[in-house]
Amino acid sequence: MDFRLSEEQQMLQDTVARLVRGEYSFAKRLEFSQSEAGFSTGFWQQLAELGLTAVPFGEELGGFGGGGVEVQTVMTELGKGLCLEPWMQSVVLAGGLISQSGDEAQRQRWLPGIADGSLRAAAGLQEPQSFYDLNNVETTARASGDGYCLNGRKSVVIGGHTADLLVVSARTTGDSRDARGLSLFVIEAGTAGLERRTYPTIDGARGCDLLLDNVLLDDGARLGAEGQAADIIHYQAGRAVSALCGEAVGVMEVACERTLEYLKQRKQFGVPIGKFQVLQHRMVDMMSELEQARSMAILAASVADQPATEERQRTLSAAKYVIGRAAQYIAEAGIQSHGGIGMTWEYDFAHYAKRLVMINHQLGDDDYHLERFADLMNTPA
Amino acid sequence: MNLNYSAEEQAFREEVRAFLEEKLPEDIAAKVKSYRRLSKGDHQRWQRVLSERGWYATHWPEEYGGAGWTPVQKHIWDEESNRYGAPRTIPFGVNMVAPVIIRFGNQQQKQYYLPRILNGEDWWCQGYSEPGAGSDLASLSTRAVRNGDHYVVNGQKTWTTLGQHANRIFCLVRTDPDARKQEGISFLLIDMNSPGVTVRPIITLDGEHEVNEVFFEDVKVPVENLVGEENKGWTYAKYLLTYERTGLAGIGLARAALNHLKGLASRQQKNGRPLIRDPGFRQRIARVEIDLQAAAMSNLRIIASVEGGGVPGAESSMLKVRGTEIRQQINDLARRALGPYALPFVEEELEAGFEGDYLSDPDAAPVAAQYFNNRKLSIFGGSNEIQKNIVAKMILGL
């Protein structure tokens, strides 16, 4: 058994780490966050030029077929810089959905752009009533002429505000919570009837709700067989969960580092506050949570590309549960150990804390994944 | 043992309710109940209403224009005013510096400052913490040097809540740098409009401007602004801190937050039914509601034990820890209740009078920001770690 990254993986890590260190100072991050796009289009360009937008795709698209470990490696380094670019949304989630379920023509049409970074994509899979359950879809896709007419609302699509392509789920048949009857569609920006309601997110990124009002699409916009998209959606969401776990580990690493530095440097009562046992023990708990989270992230990466089984599902939920719990603990305990300074806008720690808590609100929080794990848990016969 | 309120106390509760129903401006209550921003004007408007009724200075003796309420009456007020959505009283003048002036100030100070607090002429802020003196407050280094009929003050205070609105600040300053650290401190009242005072905003992680840094550069402060004796300020500071902690349990605020949470959870959907009917989430709410009930009862026990005068001791530290933890848990659940909609931060919706389409639940906008903002609860007023130290030392003798 060997937990070390391979030489190629190590190179990938170094590449992203160097880029983030060079381009993503905290001050720049604040600027990017407040810019028109809400992230750095220049940085996106650099990701593309280094081939990083192609990581999970095949050689024909300039990638090297990177799997769960490679995706997490990128995400962890992006997480350390609190990077705002919608890499996961475009490359892993939307790109993955097209790659997995698109036919040859669709793949030809969209994947080269996603892989070379010239197209940004995002996926709208959840709705106001869905509360993390991706089967809970009320958006309808009615047959219309040779294609479909979509109506409904997709909520909190991170990165959707500047996306050139939006992959959305809609229902062709079935009741609002049925797995059967879900289909995936690609909507290109500018399509009539598509409105985006854009907003900043509390952790400094940006997203939107998609309001679909009689959006007419031809048959070539549907990915995969009609009404059969649920498995594909869940499978790709699982990959995205693994990616988020990777990001969280990067954010937690920095959050723990900052807190430890502060405990050593801040003096009260004539000594560094790290001399107080109550703070020592809390710091130890933070590090233990980080290590548990790191272990589960590795496990998630190892199953991300495995065939869809209950075991895979269960493992991914277990990982997101541990990550979610650890992330919130490290955010809260880190702020508490810093005192007031940990709550100020000017100091980067607060921004790490916000991202950590908000990772819980993407693709299911710890409550949601605990419940899912419990549903799938092995029990004596 | 008799856990019932007396007939007089029940009558008082009715009187409070009638007053709140009649006098609490609806627009202000609406803002409070939905956690929208309150302006300085909102606070002042409500303060005038309270002052007219003689209910602004609940802690003060009647001879100074206070309500002269018993601890039980104050508790009833806390319950009812939070239930109706009255703004919290900004404590720095009426509930913090005033008790110190009443107890340790001289006649002129009482005559000058107390009426100005009652009629809203003065807005006070607190000059305690410094960049190098947080939990270790007594290590403060802002220096006041006597020079004839005035002190010259140099130094910096921080975490000054609502200092941007204040025209006065009460400060702990070091007057004897050679004494043991608690013994060289004095309690000074400073006019914020004095030359050399600068206020700089600190923006918190939720983007709000609530706290400030206050800088003093050769600020001349008349010696008559010294409260009590020079170098005895630490005694007064500690007296004030017990007052500060008493209100920090925030039982009334926690109840209001719990109702807000239940409202949110009733409107959010999960698996095709209201989130509040989801067994897991419902249990989470139930757990915190029970904890709150226990804390409320502990609060009542402390109140009953000091009924008839006096200030609670280290018990209030225990309650501060519990009360703030409970409020943070309620904020945590409210954030969870929003699901993915905890992410959007639609600032326009925080302003009262917002007339656009709400992105999701009308109460959603402040929730995540408030969760982050209220991490302060376990930090301010003496961090919860410091409160536990106090309990360990004062109650347990450890």
So which of A:A248, A:A229, A:A237 is in contact (Cβ under 8 Å) with a residue 40 or more places away in the chain, of a type outside the set (S, T, Y) and over 20 Å from A:K320 (Cβ atoms)? A:A229
Complete set of residues in segment A:107-130 that are open to solvent by 10 Å² or more (accessible area, probe 1.4 Å), of a type outside the set (G, A, S) and over 30 Å from B:L338 (Cα atoms): A:R107, A:Q108, A:R109, A:P112, A:D116, A:L119
Quick one: which of A:S144, A:S183, A:S155 is of a type in the set (S, T, Y) and in contact with a Lys or Arg (Cβ under 9 Å, 6 or more places away or on another chain)? A:S183
Among (1) over 28 Å from A:G38 (Cα atoms); (2) in a strand (DSSP E or B); (3) not hydroxyl-bearing (S, T, Y), where does A:G207 come up short? (1)
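Test B:D291 against the stated conditions and say whether it is in contact with a Lys or Arg (Cβ under 8 Å, 6 or more places away or on another chain) and free of Cβ contacts under 8 Å to residues at least 40 places away in the same chain.
Numbers: in contact with a Lys or Arg (Cβ under 8 Å, 6 or more places away or on another chain): yes; free of Cβ contacts under 8 Å to residues at least 40 places away in the same chain: yes.
For B:D291, the condition - in contact with a Lys or Arg (Cβ under 8 Å, 6 or more places away or on another chain) and free of Cβ contacts under 8 Å to residues at least 40 places away in the same chain - is met.
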Please go through segment B:355-375 and give me each residue that is open to solvent by 20 Å² or more (accessible area, probe 1.4 Å) and under 20 Å from A:R206 (Cβ atoms), ordered by number. B:G356, B:D357, B:Y358, B:S360
Within segment A:252-261, identify whether any single residue is farther than 30 Å from A:L290 by Cα and surrounded by 17 or more Cβ atoms within 10 Å (Cβ to Cβ), and answer yes or no. no
Which residues, taken from segment A:344-373, are open to solvent by 10 Å² or more (accessible area, probe 1.4 Å), within 27 Å of A:K264 (Cβ to Cβ) and in contact (Cβ under 8 Å) with a residue 24 or more places away in the chain? A:D348, A:Y352, A:R355
Residue among B:Y5, B:Y35 that is outside any helix (DSSP H, G or I), in contact (Cβ under 8 Å) with a residue 24 or more places away in the chain and either over 21 Å from B:T161 (Cβ atoms) or in contact with a Lys or Arg (Cβ under 6 Å, 6 or more places away or on another chain) (or both): B:Y5
Check on A:I341, within 14 Å of chain B (Cβ to nearest Cβ), over 25 Å from A:I158 (Cα atoms) and open to solvent by 50 Å² or more (accessible area, probe 1.4 Å): yes
For segment B:14-30, name all the residues that are open to solvent by less than 30 Å² (accessible area, probe 1.4 Å) and of a type in the set (D, E, K, R). none
Could you grab me the full set of residues in segment A:181-212 that are more than 19 Å from the chain's Cα centre (by Cα), open to solvent by 40 Å² or more (accessible area, probe 1.4 Å) and either of a type outside the set (D, E, K, R) or within 14 Å of chain B (Cβ to nearest Cβ) (or both)? A:A189, A:G190, A:A192, A:E195, A:R196, A:R197, A:L211
Long-range neighbours under 9 Å by Cβ, at least six apart or interchain, first residue among the β-branched types (V, I, T) within segment A:208-222, second not in a strand (DSSP E or B): A:V215/A:T191; A:V215/A:A192; A:V215/A:G193
Among (1) surrounded by fewer than 22 Cβ atoms within 10 Å (Cβ to Cβ); (2) part of a helix (DSSP H, G or I), A:A248 falls short only on (1)
Candidates B:V214, B:V321 - the one that is more than 30 Å from A:L134 (Cβ to Cβ) and within 14 Å of chain A (Cβ to nearest Cβ): B:V321
Exactly one of A:L376, A:L279 is at the interface with chain B (Cβ under 10 Å from one of its Cβ atoms) and either open to solvent by 10 Å² or more (accessible area, probe 1.4 Å) or under 24 Å from B:Q283 (Cβ atoms) (or both), and that one is A:L279
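Going through B:G252, B:G228 one at a time, which residue ends up being more than 14 Å from chain A (Cβ to nearest Cβ), open to solvent by less than 50 Å² (accessible area, probe 1.4 Å) and at pLDDT below 95?
B:G252
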Scan segment A:82-93 and tell me whether some residue there is open to solvent by less than 10 Å² (accessible area, probe 1.4 Å) and more than 16 Å from A:Q362 (Cβ to Cβ). no
Go through B:G263, B:G313, B:G356 for me and flag whichever is touching a residue at least 24 places away in the same chain (Cβ under 8 Å), part of a loop (DSSP other than H, G, I, E, B) and on the phi < 0 side of the Ramachandran plot. B:G313
Take the residues in segment B:360-395 that are among the aliphatic types (A, V, I, L, M), touching a helix residue (DSSP H, G or I) at 6+ places or on another chain (Cβ under 7 Å) and at the interface with chain A (Cβ under 9 Å from one of its Cβ atoms), then tell me which one is farthest from B:G323 (Cα to Cα). B:A368
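Looking only at segment B:95-113, how many residues end up being within 19 Å of B:V211 (Cα to Cα) and open to solvent by less than 10 Å² (accessible area, probe 1.4 Å)?
The number of residues fulfilling the criteria is 2.
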Out of everything in segment B:164-193 that is loosely packed, with under 15 Cβ neighbours inside 10 Å and among the polar types (S, T, N, Q), what residue ends up being nearest to B:R36 (Cα to Cα)? B:N167
Can you name the residue in segment B:81-134 that is assigned to a helix (DSSP H, G or I) and of a type in the set (S, T, N, Q) and is also modelled with the lowest pLDDT among such residues? B:N95
Mind counting the residues in segment A:1-52 that are part of a loop (DSSP other than H, G, I, E, B) and farther than 25 Å from A:S118 by Cβ? 7
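Identify the residue in segment B:194-211 that is within 14 Å of another protein chain (Cβ to nearest Cβ) and part of a loop (DSSP other than H, G, I, E, B) and, among all such residues, is surrounded by the most Cβ atoms within 10 Å (Cβ to Cβ).
Per the criteria, the residue is B:L205.
The values are calculated or read from the model by the stated rules, or taken from the named source; none is laboratory data. All figures in this text were calculated on a predicted structure; none of them were measured in a lab. Methodologically, a virtual Cβ is constructed for each residue, glycine included, from the backbone with ideal geometry; neighbour enumeration extends over all protein chains shown. When the accessible area is computed, the model is the full protein with side chains, heavy atoms only, and any ligands, DNA or RNA have been set aside. Shrake-Rupley method; radii C 1.70, N 1.55, O 1.52, S 1.80 Å.
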